[in-house]
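Participant: Structure incoming, see below.
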Amino acid sequence: MNVHAYSIGGKTATLVVSDTTQSMSIPQTKQGFQQVLITNSGDAVVFMALGDATVTADSEDTPILPGSAQPFSRGNGDTHLAAICASGQSSNALHVTPGKGV
């Protein structure tokens, strides 16, 4: 099995996250690049979900720890990302970079 480093497949977009669900379209990517690298540059846990244009996030979705970056595979209908912080947290940012690899 070959393991490849994450290969960037498009421009990074930023979603400012607060304690109400926010969403964004996942940036355009090269053909065959079906993953996104999600980086939390804030100082609070952010919960995120992938889905279509109606996707929302809540505190039971996937947590992204402060200062971490995690790659996720996208399904065919995953065109958007939604995110939320815990109550009272705000001004966190998720940076979303399309690509492929680990």
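Participant: Can you list residues whose amide H is under 5 Å from residue 6's amide H, if they're 5+ apart or on another chain and H is modeled 1.01 Å from N?
Facilitator: Close amide H contacts, sequence-distant or interchain: 102.
Participant: At 1.4 Å probe size, with every protein chain present, just tell me what the per residue accessible area of the chain comes to in Å².
Facilitator: On a per-residue basis, the chain sits at 55 Å².
Participant: Shifting gears a bit: Starting from the amide H of residue 35, placed 1.01 Å from N in the peptide plane, find each other amide H under 5 Å away whose residue is 5 or more places distant or on another chain.
Facilitator: Close amide H contacts, sequence-distant or interchain: 74, 99.
Participant: Another question about this same structure. Given the protein chains as shown and a 1.4 Å probe, how many square angstrom of residue 29 are accessible, to the nearest 10?
Facilitator: The accessible area of residue 29 comes to roughly 40 Å².
Participant: Rounded to the nearest 20 debye, what is the charge dipole size of the chain about its Cα centre when +1 sits on each Lys and Arg Cβ and -1 on each Asp and Glu Cβ?
Facilitator: 520
Participant: In addition: Select from 84, 16, 37 the residue farthest towards the positive end of the dipole of the chain; place +1 on Cβ of Lys and Arg, -1 on Cβ of Asp and Glu, and compute about the Cα centre.
Facilitator: The residue sitting most towards the positive pole is 37.
Participant: Let me ask something else. Using a probe of 1.4 angstrom, how much of the accessible area of the chain is carbon and sulfur, in percent?
Facilitator: Details: 2850 of 5640 Å².
With neighbouring chains kept in place, the figure for the chain is 51 percent.
Participant: Right, here's the next one. Over all alpha-carbon pairs in segment 1-81, figure out the percentage whose distance exceeds 18 Å.
Facilitator: Of all Cα-Cα distances in segment 1-81, 41 percent exceed 18 Å.
Participant: Moving on. If DNA, RNA and ligands are ignored and the probe is 1.4 Å, what is the ranking of 78, 43, 58 by accessible area, most exposed first?
Facilitator: Correct descending sequence by accessible area is 43, 58, 78.
The values are calculated or read from the model by the stated rules, or taken from the named source; none is laboratory data. All values derive from a computational prediction rather than experimental measurement. All Cβ positions, even for glycine, are placed from backbone atoms using ideal geometry, and neighbour counts span all protein chains on display. The area values use the complete protein model at the heavy-atom level, side chains included, leaving out ligands, DNA and RNA. Shrake-Rupley method; radii C 1.70, N 1.55, O 1.52, S 1.80 Å.
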